[in-house]
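Quick notes on the structure that follows.
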Amino acid sequence: MKLQQLTETAIGAALAIILSYLIIFRASQGGSISLMMVPILWIALKNGVWAGLLCGLITGAVTFMFGGFFVAPLQVLFDYVFAFGSIGLAGLFSKPVLAMAGHHHQRRLVGTVILAGGLAGVSRLLFHTLAGIVFYTAYVPKGQPVWLYSLTYNSLYVIPDTILAIVVVLVLVARVPRLLLR
């Protein structure tokens, strides 16, 4: 990774951590809706999957250190490191997004950003749901399947968080595409 990409990744992680404190909605047992995913998604789309993963890993680790909820070491990995790190998988779409942004293929660019953001959101939801299945069974109402409760609960904040991040990234790409290009 080049020095510029490493610097952008660190700045993206710092911005994501700051934005995680500007909460739109906080779920009762953890999780929130904020703009935290936007810088991670942006870094992944601009610099690729490795930069996106690193940005997400840093964000998750620091988020945990400054107010995270601890049940077990594996839970910390799933809820913070893996969940936020997996947002960087959007970087798998980096090359097509950069090519489309450079050639002003707006419609295809929108679809690709939505796919990239969707992958990021689904992977994050998967890790939060797995953590809920394994570590938060005490919260499940009697008679309800643990997996369904965990999926439903985590969907209440991860899905809107993902949609918000995709919309903001799309607005940024439309308004200032040169920020995405190297």
Expressed as a whole percentage, what fraction of the accessible surface of the stretch 1-151 belongs to carbon and sulfur atoms when a 1.4 Å probe is rolled over the protein heavy atoms? 74
Just tell me which lysines come within less than 26 Å, Cα to Cα, of Lys2; anything on the same chain fewer than 8 places away is out. Lys46, Lys95
Do you know the relative contact order of the stretch 1-88, to the nearest whole percent, from alpha carbon pairs under 8 angstrom that are 6+ apart? 29
In a solvent-free Debye calculation with one equal scatterer on each Cα, what is log10 I(q)/I(0) for the chain at q = 0.17, 0.19 Å⁻¹, listed in the order of the q values? -0.99, -1.19
Say we join alpha carbon atoms closer than 10 Å with springs in a Gaussian network model of the chain; which of Ala138, Ala83, Ala16 then has the biggest fluctuation? Ala138
Might you tell me the accessible area per residue for the chain, computed with a 1.4 Å probe and given in Å²? 52
Defining a contact as two alpha carbons under 8 Å apart and six or more residues distant in sequence, what relative contact order in percent does the chain show? 24
How do 97-110, 162-175, 55-68 rank on mean C-beta neighbours within 10 Å, highest first? 55-68, 162-175, 97-110
Calculate the spin-label point distance for Ile159 paired with Gln106, positioning each point 7 Å from the Cα along the beta-carbon direction, and give it in nanometres. 3.0
Checking understanding here: applying a Kyte-Doolittle mean of at least 1.0 and a length along the axis of at least 18 Å (C-alpha), which whole DSSP H helices in the chain pass? 3-19, 49-65, 106-135, 146-175
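The values are calculated or read from the model by the stated rules, or taken from the named source; none is laboratory data. This is a predicted model, so every value here is computed, not measured. No Cβ is skipped: glycine too gets one built from the backbone with ideal geometry, and neighbour counts run over all protein chains shown. Just so you know, the surface numbers come from the protein's heavy atoms only, side chains and all, with ligands and any DNA or RNA stripped out. Shrake-Rupley method; radii C 1.70, N 1.55, O 1.52, S 1.80 Å.
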